[in-house]
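This report refers to the structure that appears directly beneath it.
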Amino acid sequence: MTDRTSDLERALAVAPDRSAAAFFDVDNTVMRGASIWHLALGLWRRDFFTVRDVSAMAWKQLRFAALGENLEHVEQIREQALGFIAGHSVAEIGAIGEEIFDEAMHDKIWPGTQALTRMHLDEGQEVWLVTATPVEVAQVIADRLGLTGALGTVAESVDGVYTGRLSGEPLHGAAKATAIEALALERGFDLARCSAYSDSANDIPMLSLVGHPCAINPDGALRDHARAHGWTIRDYRTGRRAAKVGVQAVGATALAGALAAAAARRRSR
């Protein structure tokens, strides 16, 4: 490397903006649908559980993608997935999580939201995922997208093996705001200079915490709240919502049938 090249690189380098950061929800914000569903489907393909189990999750996932976050449904999927990983090692599930991202999650990333993460990184800011998704999965997504890190729901493990229970509470709703406040204190962020992005009214506490909130692909309640408070709204979805719901409902039936057919093929081998 010549001295001239080295000087140019130093001139173009962005100085870290240590007092500001951006916080992104994952499901329906960074990626379409619920990331825990993609993990569950990937685990089913690896014989962690049955087609009946995953079919029961399919309708919840498709409704979530069409209508927005339903905490009861997401919790049910999460609890089932936690039960299925009990007895497996943290290292094993981490490696599978990387495979599943490459297989099923990569093409679900919203390009517009990814561009926003790059904008903050280009400005020298840290970018964190803050999600109810298991932290191992969230960290894989953060790593693959080149982000700073991830805060997520923690599954309990003992001696490197999952117990099938949570360690603490799921990271959703007000718990996200609490986690961000703790991270800001630890890393010296000025929350008034920070940004946050989410699709769900459940994340209003997180969005209200920062100086620059933004509703991404918002559900109806969040859209109304954002308009009332003058927040930025970005929607990367296309088509009418009613049409999407219909397509998703048909998709749920088709997916359940496809899963049953796949299971039959497996049994015939």
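The values are calculated or read from the model by the stated rules, or taken from the named source; none is laboratory data. Worth saying up front: this structure is predicted, and the values here are computed from it rather than measured. When we count neighbours, we look across all protein chains shown, and the Cβ atoms used for this are built from the backbone with ideal geometry, even at glycine.
Considering only region 89-100, I want to know if a residue exists there that is at pLDDT 90 or above and either charged (D, E, K, R) or closer than 30 Å to Asp190 by Cα (or both). Yes, there is a match, as at least one residue in region 89-100 is at pLDDT 90 or above and either charged (D, E, K, R) or closer than 30 Å to Asp190 by Cα (or both). Applying a threshold of 7 Å to beta carbon distances and a minimum spacing of six or more residues, or different chains, the list of pairs starting in region 17-28 at a residue that is without any contact (Cβ under 8 Å) to a residue 40 or more places away in the chain and ending at one that is crowded, with 24+ Cβ neighbours inside 10 Å is empty. Taking region 95-199 as the region of interest, the strands (runs of 3 or more DSSP E) fully inside it that hold 1 or more residues being acidic (Asp, Glu), surrounded by 18 or more Cβ atoms within 10 Å (Cβ to Cβ) and out of contact with any Asp or Glu (no Cβ under 7 Å at 6 or more places or on another chain) are 126-134.
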